[in-house]
Amino acid sequence: MDTKTIIEKIKAGFKSFWTWVKPYLIRFHHWRKRIWKKYQINKIVLLLSLVVVLVTSIYLFTLAKSANVGALKKGLEESTVIYDKDGQEAGKLFGQKGTVVTIDQISPYVKEALISTEDRNFETHHGYDIKGLFRAVVGKLSFGKIGGGGGGSTITQQLAKNAYLTQEQTMTRKARELFLAIEIEKKYDKQQILEMYLNNSYFGNGVWGIEDASHKYFGVSASELSVGQAATLVGMLKGPGIYNPIDYVENAVNRRNTVLQLMVNNGKLSQGEADAQAGVDMGSMLVDNYSDKNSDYRYPYYFDAVIDEAVNKYGLKEEDLLNKGYKIYTALDQTYQESMQQTYANDALFPPNAEDGAMVQSGSVALDPKTGGVQGVVGGRGEHVYRGFNFATQTKRSPGSSLKPISVYTPALESGMKPNSILEDKPQSYYPAENYSRTSAGEVPMYQALGESLNLPAVWTLHKIGLDKGFEKTQKFGIPLASEDKYYGLALGGLKTGVSPLTMANAYSPFATGGSQSEAHLITKIVDSTGAVIEDNTNAKKKQIITKDVADQMTSMLLGVFSSGTGVNADPAGYVMAGKTGTTETNFDTDKTNDQWVVGYTPDVVIATWLGFEQTSESHYLQGSSATHASTVFSSQAQGIMANTPRTPFTVADAYATGGEMQAASEVSSGNNDEWKDSMKDIGGQVKDGAKDIGGKIKEGAADIGGKIKEGWNNTKNGLKDIFGGLTGE
């Protein structure tokens, strides 16, 4: 059967089908007309259409009214300012901001070129142009996008779009833009609108505003621009990336000449003047004397964290934060922050880079334990990347033995044990851990087990009090745990996800405050450009985590960690701190480490420091333990920070000074206490912090120098006969 025959058969089939279906279609048409007429369908459709238009108009009108157009000019002119805990200016956030100038400081050629090019009817319309709107609609229908048939936005609409809306090409955005433009025209005169538009337009190469653009491309102020220069800058507004004269001279010349001709067509320039300007060599005019005078991002990692908190916690848009003149009050202590940044600027305090040049990273946080206010943040080493990864607030690393006070010994104290309670120091069948020294003493008092970071007593204690109790208490401190973390490795800080220095600093705050914990935060208050307070966190949420008695007992033991245990190298000279160290070992060599931690505190401040490579591998690892590199970095920061604290004294005595008995600090002679600490630092200065956990692959402690320190204050006065042995970790 040939093709012609097949086509004929198909035609015949369609004809037969049409003959059959046509009577039914005619009957349906007559029925539809009767129903349509009977129930006034035309009127219903018209009414529904009008209702939709009315509702949409009301909605868009409400949105326009809620945009606070009255604050637009002030918000566009002002930069967002960051204030510290004392209300002193600490720096500024700059986004789409340039040097603001008034309209009479801008060359009249700029205004004439702008109106001729972008909006010929600017002086007479009320924010919108009917012809322009019609072109936009036709463009959407014909080309599938707004503006496909020619520009539809007035200068006022472009200002509304830049200030309030996204760049998406939709009819919804266009409608919102229209209503906002009407509101702007009601509030501001034409000269103010031009001024706001030109001060906040983007001119390529990271430059915002007509004044800075004039200096960037021609080395003059905006008031000194010639006709040709003005036409060049206005021409760039269509596409700064492809029409700026530095990168695309030919494109810039062609666009300048187009703008000049538009000025002629609009009666703002004679043809002779336009031709003369078009003949000027663009390259001969280019002069760049622009400098970013506005930059004041002096505490980059802290400011990054402020933006993150404002965006993630309070729902503000980053673009608004940078451009709308907010006042953001924070818990920042500038003296703390400067001390921390000085430490991180000193490469000699850190381990050397890997053979391939990879830098050892680190992050630190200083926090006020009484309020939860974050007073200092350094989130990395090397060149800062704006809102890049922050190792102080965003990293997730296993905390190692720095978790022991939280996951083991706090719930043990709550269960009725005491700092001088005797713990088993020997291997257990239910979890294959061992001390770093590969030895065990059989028994050891709790304060010494914690001070020397012994693994076996920690695992035994968690087993004795119950795994559930340790797991639940750790969560109550604010440590995020997964279901997989409910195992005895929790005693040694082996976590599936891990924690950040910010999380650890806040987790230790109950020890410093007598048991209470406030929500960690950087921002205390946000005020918009009109003076309205939009967020107030001056009284952060507080909850009781542990009793004062438990907090005091833990502090007594943690004082011993810094005076006499694994934290001796972290203890800042001349100051008294409590705290804990932590180290995690690699999975390819138990003598090499992934992470080093030190967390220390006083009643005034908590400092948490992490150190390690971003990605650990057989060529990227740390040597030693937290007693070495992390302690050096921590001590340097603490030395600077402690000098600026109120130096509130601890109320309890060091457990090593009392043999684990709870005593008030005032009951222990300060002279004897200093003698104890000096003896421990002189004799036990070689103590290293390390550990070994076969199952959890975590390590903290130090080499076994021999023996076990004899307990009791009186014995220490006669001289230490033995040095630390078997200090352990994870």
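The values are calculated or read from the model by the stated rules, or taken from the named source; none is laboratory data. Since we're looking at a predicted model, the values are computed, not measured. For neighbour counting, all protein chains shown are included, and Cβ atoms are generated from backbone atoms with ideal geometry for every residue, glycine included.
Right, residue 427: closer than 28 Å to residue 372 by Cβ and either surrounded by fewer than 24 Cβ atoms within 10 Å (Cβ to Cβ) or at pLDDT 95 or above (or both) or not?
Numbers: closer than 28 Å to residue 372 by Cβ: no; either surrounded by fewer than 24 Cβ atoms within 10 Å (Cβ to Cβ) or at pLDDT 95 or above (or both): yes.
It is false that residue 427 is closer than 28 Å to residue 372 by Cβ and either surrounded by fewer than 24 Cβ atoms within 10 Å (Cβ to Cβ) or at pLDDT 95 or above (or both).
With the requirement that a residue be of a type in the set (Lys, Arg) and assigned to a strand (DSSP E or B), what does segment 480-536 give you? Before the answer, list the steps.
Keep residues of segment 480-536 that are of a type in the set (Lys, Arg), which gives 486, 496, 525.
Within segment 480-536, just 525 meets the criteria.
Being surrounded by fewer than 20 Cβ atoms within 10 Å (Cβ to Cβ), of a type in the set (Val, Ile, Thr), at pLDDT below 95 and more than 23 Å from the chain's Cα centre (by Cα), is that true of even one residue in segment 523-531?
Checking segment 523-531: at least one residue is surrounded by fewer than 20 Cβ atoms within 10 Å (Cβ to Cβ), of a type in the set (Val, Ile, Thr), at pLDDT below 95 and more than 23 Å from the chain's Cα centre (by Cα).
Taking only pairs six or more apart or across chains, which ones have beta-carbon atoms under 8 Å, a first residue in segment 552-563 that is closer than 16 Å to residue 408 by Cα, and a second residue that is basic (Lys, Arg) and surrounded by 24 or more Cβ atoms within 10 Å (Cβ to Cβ)?
That search, which allows pairs on different chains as well, returns 558/580; 561/580.
Taking the condition in contact with a Lys or Arg (Cβ under 6 Å, 6 or more places away or on another chain) and either crowded, with 16+ Cβ neighbours inside 10 Å or touching a residue at least 24 places away in the same chain (Cβ under 8 Å) (or both), does residue 452 pass?
Values: in contact with a Lys or Arg (Cβ under 6 Å, 6 or more places away or on another chain): no; either crowded, with 16+ Cβ neighbours inside 10 Å or touching a residue at least 24 places away in the same chain (Cβ under 8 Å) (or both): yes.
In short, no.
Filter segment 199-257 for residues that are under 37 Å from the mean Cα position of the chain (by Cα), crowded, with 19+ Cβ neighbours inside 10 Å and outside any helix (DSSP H, G or I) and give the result.
Those that are under 37 Å from the mean Cα position of the chain (by Cα), crowded, with 19+ Cβ neighbours inside 10 Å and outside any helix (DSSP H, G or I): 200, 201, 203, 204, 207, 208, 209, 237, 244, 245.
Restricting the search to segment 589-623, which residues are part of a loop (DSSP other than H, G, I, E, B) and either in contact with a strand residue (DSSP E or B) (Cβ under 7 Å, 6 or more places away or on another chain) or modelled with pLDDT of 95 or more (or both)?
Filtering segment 589-623 down to residues part of a loop (DSSP other than H, G, I, E, B) leaves 589-591, 602-605, 613-616, 618-619, 621.
590, 602, 603, 604, 605, 613, 614, 616, 621 - these are the residues of segment 589-623 that are part of a loop (DSSP other than H, G, I, E, B) and either in contact with a strand residue (DSSP E or B) (Cβ under 7 Å, 6 or more places away or on another chain) or modelled with pLDDT of 95 or more (or both).
State the number of residues belonging to segment 377-434 that are more than 17 Å from the chain's Cα centre (by Cα) and either among the basic types (Lys, Arg) or part of a loop (DSSP other than H, G, I, E, B) (or both).
The first filter runs over segment 377-434 and keeps only residues more than 17 Å from the chain's Cα centre (by Cα), leaving 382, 397-434.
The next check asks that each one be either among the basic types (Lys, Arg) or part of a loop (DSSP other than H, G, I, E, B) (or both); those that pass are 382, 397-399, 404, 415-421, 426-427, 429-430, 432.
Qualifying residue count for the region: 17.
So that you can scan it fast, the table gives a plain yes or no per residue for (1) surrounded by fewer than 19 Cβ atoms within 10 Å (Cβ to Cβ); (2) out of contact with any helix residue (DSSP H, G or I) (no Cβ under 9 Å at 6 or more places or on another chain); (3) at pLDDT 90 or above:
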position: 264; (1), (2), (3): yes, no, yes
position: 272; (1), (2), (3): yes, yes, yes
position: 292; (1), (2), (3): yes, no, no
position: 328; (1), (2), (3): no, no, yes
position: 338; (1), (2), (3): yes, no, yes
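Residues 281, 288: which one is of a type in the set (D, E, K, R), without any contact (Cβ under 8 Å) to a residue 24 or more places away in the chain and surrounded by fewer than 19 Cβ atoms within 10 Å (Cβ to Cβ)? Can you show your working first?
Details: 288 fails: without any contact (Cβ under 8 Å) to a residue 24 or more places away in the chain.
None of the other options fit; the residue is 281.
Would you pick out the residues in segment 567-588 that are crowded, with 24+ Cβ neighbours inside 10 Å, in contact with a strand residue (DSSP E or B) (Cβ under 6 Å, 6 or more places away or on another chain) and farther than 17 Å from residue 657 by Cβ?
Across segment 567-588, the qualifying residues are 570, 580, 581, 582, 583, 584, 585.
Run down 387, 397 and say which single residue is more than 15 Å from residue 506 (Cβ to Cβ), crowded, with 24+ Cβ neighbours inside 10 Å and touching a residue at least 60 places away in the same chain (Cβ under 8 Å).
On the way: 387 fails: crowded, with 24+ Cβ neighbours inside 10 Å.
Only one candidate passes the filter, namely 397.
From 579, 567, which residue is touching a residue at least 12 places away in the same chain (Cβ under 8 Å), among the small types (Gly, Ala, Ser), closer than 28 Å to residue 649 by Cα and assigned to a strand (DSSP E or B)? Step through it out loud before you land on a result.
On the way: 567 fails: assigned to a strand (DSSP E or B).
The conditions single out 579.
Applying the selection to segment 565-588, what residues are at pLDDT 95 or above, over 31 Å from the mean Cα position of the chain (by Cα) and hydroxyl-bearing (Ser, Thr, Tyr)?
Listed by number, the list holds a single entry, 575.
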